[in-house]
Structure formats: structure tokens, C-alpha cells
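These notes are about the structure you will find just below.
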Amino acid sequence: MATVLITGASRGIGLEFARQYAADGARVLATCRDPDRAAALAALAGDVTLHRLDVTDLAGVDALAETLAGEAIDILVNNAGMLSSGQRAGGIDFDAWEEELKVNTIGPIKVALAFLPHLKRGSGRRIAFLSSTLGSIAENTSGAYMLYRSSKAGLNAAGRSLAIDTAQDGMIVLLLHPGWVRTDMGGPHAAITPEASVQGLRQVIADAGPEKSGRFFAYDGREIPW
Ligand SMILES: NC(=O)c1ccc[n+]([C@@H]2O[C@H](COP(=O)([O-])OP(=O)(O)OC[C@H]3O[C@@H](n4cnc5c(N)ncnc54)[C@H](OP(=O)(O)O)[C@@H]3O)[C@@H](O)[C@H]2O)c1
């Protein structure tokens, strides 16, 4: 039975990852900022345990890794993320930018590094980062979203290095775009449901071999240019 650690599992895509993996019989270590306010997560059927984690609290990440020391984790889904706004140049809130880099870039890399010993103990050895096509510099033809785009482009760059640096341990590191998904972030008019997105993402994660590590894929398997 696989063990899966998921960040930002209180709602949206993270909650759906927890639901689907648990329904498949996996052991799910679901993290969220406030377990007391994660009713949907707490109500999931299956082997799901809740752990408190704010990915910007680097000491808190280390503390959770210590709490779970000795555990074998097969798949890490680095899902927690934020989108503050779509400001264009001229209307930039620099404090918001710093926060976005902490949540979307630094936090997920910190989580991956803190849990490498647990992942090495597992047999799946997969690290999935929820990125976005908005982080693709090649596909940026419409501008705006300077904060979010740079935070996901930074995640892509760091994730690629992590893939190379951990290849000798057999880690498979994936940068993933979930599609435009109907969540609080994606909004009610988004193109696909969390169910469809996560079904596709889980397939991409399951199918990936070492040759896919350090690359950027959409939920439907399309490779995205950096
Ligand atoms: N939806 C889309 O169309 C779309 C498209 C491309 C990429 N993505 C990416 O997919 C991932 C999930 O997106 P979503 O649509 O599910 O977003 P969402 O509905 O806004 O949910 C975001 C999740 O991240 C958690 N989170 C936020 N800041 C956190 C922090 N500092 N520490 C720990 N958890 C934190 C939230 O927890 P709380 O409940 O505590 O706030 C929530 O569980 C994100 O990385 C996002 O950038 C989404």
C-alpha cells in the first residue's frame, strides 16, 4: 500500500488528491494549515491522517518531518499554493510578491528537501510539484500575473535542479500543470473539475519513469515548454 503526503489538502485540488488516493487504498498523510477548519478533509473515507502544516513556516516543516521520522513515503504531492492577483506592471504589491514566492516557490522546495529521507525509505520515490502554465516563460504571450508567474517559474527552475540532484537516489521529480480547474483559485467558470484534473495528474505521476524526471507536464500528459 502506497503512502502519499499531500500539502494544502483542505480544499480544491489537494483535497481531491487526498480523496482519490484514499479511495484507491493508499495511506494518506494530509497536511493543511488548520485541521480544525478542514471538515471536508476530516470527513474523507479511508486511511487519512491530518497534520498541521503551513509551508511558509520552515521550522514547522522540519518539525513535521521529525514527527514523521522513520515513515516511508512513496509520493509527495506538493500542492499548496496561492494566487494573489493578476496585477500588471505598475500595480505591484511587493509584500504580496514576497508572500507568493514563500508559498509557491520556497515552501514546496523546503517540504521536498525535509522529506527526502522519508521518500528514500519508500519505493515510489516520486515528488510532484503543482506548477502552472502561467509559470511557462515560453507560453507567456499575454503578460500580467507577474507575481504568480515568477513564483511558478522559480518553482520550475528549482524543481528541475532537484530532479538532477536527486537522480542518483532514484527520485522522479515532476512539475505539473493541473489544467484550469474549478476550485476557489480557478473560479466557477474554469474548464475542468478537480476530479478530472486529479485523475489525469495521478496517471502522469504513476506512469513517469526516470526519463520524465525534471520535466513539465499538463494533467493530460502534454509536455509544456519552460
Ligand atoms: N485551480 C487552477 O486552475 C490551477 C491552475 C494551475 C495551477 N494550480 C495550482 O494547483 C495548486 C492547487 O490549487 P487549487 O486550485 O486547489 O487552489 P485553492 O483552491 O486556492 O486551494 C489552495 C490550497 O493551498 C493551501 N495553502 C495556501 N497557502 C498555504 C500555506 N502557506 N501553507 C499550506 N497550505 C497553503 C490552502 O489552504 P487553506 O485552506 O488553509 O487556505 C488550500 O488547501 C496550487 O499550487 C495552484 O497554484 C491551480
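Side notes on the structure shown:
- For GLN87, the stated conditions hold: it is touching a helix residue (DSSP H, G or I) at 6+ places or on another chain (Cβ under 7 Å) and either among the aliphatic types (A, V, I, L, M) or away from the ligand (no atom under 15 Å from the Cβ) (or both).
- Qualifying residue in the range 34-52 (condition: outside any loop (DSSP other than H, G, I, E, B), buried (at least 18 other Cβ atoms within 10 Å of the Cβ), within 14 Å of the ligand (Cβ to nearest atom) and among the small types (Gly, Ala, Ser)): no
- So SER131, is it within 28 Å of LEU29 (Cα to Cα) and loosely packed, with under 14 Cβ neighbours inside 10 Å: no
- Restricting attention to the range 159-201, the residues being polar (S, T, N, Q), within 25 Å of ASP24 (Cβ to Cβ) and out of contact with any strand residue (DSSP E or B) (no Cβ under 6 Å at 6 or more places or on another chain) number 3.
- Among the residues of the range 93-105, at least one is out of contact with any strand residue (DSSP E or B) (no Cβ under 9 Å at 6 or more places or on another chain), assigned to a helix (DSSP H, G or I), away from the ligand (no atom under 16 Å from the Cβ) and not polar (S, T, N, Q).
- Residue check, ALA18 surrounded by 20 or more Cβ atoms within 10 Å (Cβ to Cβ) and either within 14 Å of the chain's Cα centre (by Cα) or β-branched (Val, Ile, Thr) (or both): yes
- When we screen LEU29, LEU76 for residues that are in a strand (DSSP E or B) and in contact with a helix residue (DSSP H, G or I) (Cβ under 7 Å, 6 or more places away or on another chain), the only hit is LEU76.
- Wholly enclosed strands (runs of 3 or more DSSP E) of the range 114-226 bearing at least 3 residues within 26 Å of ALA23 (Cβ to Cβ) and either hydrophobic (A, V, I, L, M, F, W, C) or at pLDDT 95 or above (or both): 126-130, 172-177
The values are calculated or read from the model by the stated rules, or taken from the named source; none is laboratory data. All figures in this text were calculated on a predicted structure; none of them were measured in a lab. All Cβ positions, even for glycine, are placed from backbone atoms using ideal geometry, and neighbour counts span all protein chains on display.
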